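Below: one structure in structure tokens.
The values are calculated or read from the model by the stated rules, or taken from the named source; none is laboratory data. Since this is a predicted model, take the numbers as computed values, not measurements. Cβ sites come from the backbone with ideal geometry, for glycine too, and all protein chains shown count toward neighbours. Please note that ligands, DNA and RNA were not included when accessible areas were found on the heavy atoms of the full protein model with its side chains. Shrake-Rupley method; radii C 1.70, N 1.55, O 1.52, S 1.80 Å.
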Amino acid sequence: MFGLVLAIGLVVDDAIVVVEGVQRHIEEGLAPKDAARRAMEELSGPVIAIALVLSSVFVPTAFIPGITGRLYQQFAVTIAISVVLSAFNALTLSPALAGLLLRPKEESHGPLSKFFDRFNRMFERGTEIYVQLCGGVIRRGC
């Protein structure tokens with residue numbers, strides 16, 4: 001059961017990374033299809049690397065002998081297959097759908113827009129403070 005939950009998380013994770021990459025390029029002003037191409041130029045290598053590393057970790061565990069090995073074998077095969085499916089999905093289906101469905105963000109004028117605008121500004125400011133704090137800690141070497 002844990003293997004299935006982990007496998008679902010791995011499959012969804014690569015697709016989220018691709019969609020986030022496409023969205024970032026759309027916000028920078030690129031057309032959706034061009035944003036998908038640019039995001040895949042940046043993300044193809046890491047997606048393939050993640051799939052290869054995870055497969056190289058889990059496939060050898062499928063060959064552990066004995067009763068314990070049988071449990072690990074099922075887990076390893078589940079994870080290895082899900083990683084391959086995830087990579088295929090992230091390299092083919094996710095960028096195609098992101099290029100077709102995502103659009104540039106439009107300015108909203110609804111009743112909650114002031115609240116969300118303020119929340120987003122505060123969140124961005126908190127992110128900037130956190131990044132500066134982490135940079136300072138890294139520079140000091142604490």
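For segment 42-57, which residues satisfy the criterion of being within 15 Å of the chain's Cα centre (by Cα) and open to solvent by 70 Å² or more (accessible area, probe 1.4 Å)?
Across segment 42-57, the qualifying residues are Glu42, Ile48, Ile50.
While we're on this one: Only residues in segment 79-99 that are under 14 Å from Val53 (Cβ atoms) and without any contact (Cβ under 8 Å) to a residue 40 or more places away in the chain count as the first member; pair them with residues that are outside any helix (DSSP H, G or I) and open to solvent by 10 Å² or more (accessible area, probe 1.4 Å), Cβ under 6 angstrom, at least 6 apart or cross-chain, and list the lot.
If the second residue must be outside any helix (DSSP H, G or I) and open to solvent by 10 Å² or more (accessible area, probe 1.4 Å), the pairs left are Ala80/Val59.
Anything in segment 113-142 that is more than 24 Å from Ile26 (Cα to Cα) and among the aliphatic types (A, V, I, L, M)? List them, or say none.
Once the filter is applied, which keeps residues that are more than 24 Å from Ile26 (Cα to Cα) and among the aliphatic types (A, V, I, L, M), segment 113-142 yields Ile129, Leu133, Val137, Ile138.
Quick one: Ala87 ticks every box in (1) of a type outside the set (S, T, N, Q); (2) open to solvent by less than 50 Å² (accessible area, probe 1.4 Å); (3) over 18 Å from Leu6 (Cβ atoms); (4) within 20 Å of the chain's Cα centre (by Cα) bar one, so which box is it?
Against the list (1) of a type outside the set (S, T, N, Q); (2) open to solvent by less than 50 Å² (accessible area, probe 1.4 Å); (3) over 18 Å from Leu6 (Cβ atoms); (4) within 20 Å of the chain's Cα centre (by Cα), Ala87 comes up short only on (3).
Residues in segment 58-75 that are open to solvent by 80 Å² or more (accessible area, probe 1.4 Å) and of a type outside the set (Val, Ile, Thr): how many?
Residues in segment 58-75 being open to solvent by 80 Å² or more (accessible area, probe 1.4 Å) and of a type outside the set (Val, Ile, Thr): 6 in total.
Here's a follow-up. Condition check: of a type outside the set (Gly, Ala, Ser), within 24 Å of Asp13 (Cβ to Cβ) and at pLDDT 90 or above. Does Leu91 satisfy that?
It is true that Leu91 is of a type outside the set (Gly, Ala, Ser), within 24 Å of Asp13 (Cβ to Cβ) and at pLDDT 90 or above.
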